[in-house]
1. Is there a pair in 39/91; 34/64; 34/103; 62/103 whose C-alpha atoms are over 23 Å apart, and which pairs would that be?
2. Can you tell me which aspartates and glutamates have their Cα less than 19 Å from the Cα of residue 20? Leave out same-chain residues fewer than eight positions away.
3. Per the Kirkwood definition applied to all pairs of different Cα atoms, how many angstroms is the hydrodynamic radius of region 17-104?
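Quick note: the coordinates plus some simple rules give every number you see, no bench work behind them. Worth saying up front: this structure is predicted, and the values here are computed from it rather than measured.
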Amino acid sequence: MAKRGGFPGGMPGNMNNLMKQAQRMQRQMEEQQKELAEKEFTSTVGGGAVSVTVNGSREVVKVKLSEDAVDPDDIETLEDMIVAAVNEACKQVDEAASNSLGKLSGALGGMGGFGGLPLGM
């Protein structure tokens, strides 16, 4: 007599546990992404001439310029410093996200070989 329900071929009884773990990890990932979005990352370049702060969503929330950085005859250098500061602050966000999600990726390795799955934001 055939069993009703379940999976053909008889999936292991750990399927419910695996699903619970996946749901728990999904909640943890969502929490970590929310925490990251609320953090701020600041980069300063040009010996303090330009400071840029971005949040974890990579939105620029603050730009601070020293008076010495504002030279009407050399706007190009100021523009380059702002670009460099924004890029560095965004790199800090990427590193924080990688560290945060990397912990979850390691935990996936104990769930039947899902550790190789890429995790995105």
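1. Details: 39/91 14 Å; 34/64 26 Å; 34/103 16 Å; 62/103 30 Å.
Listed pairs above 23 Å: 34/64; 62/103.
2. 30, 31
3. Every distinct Cα pair counted, the radius reaches 14.6 Å.
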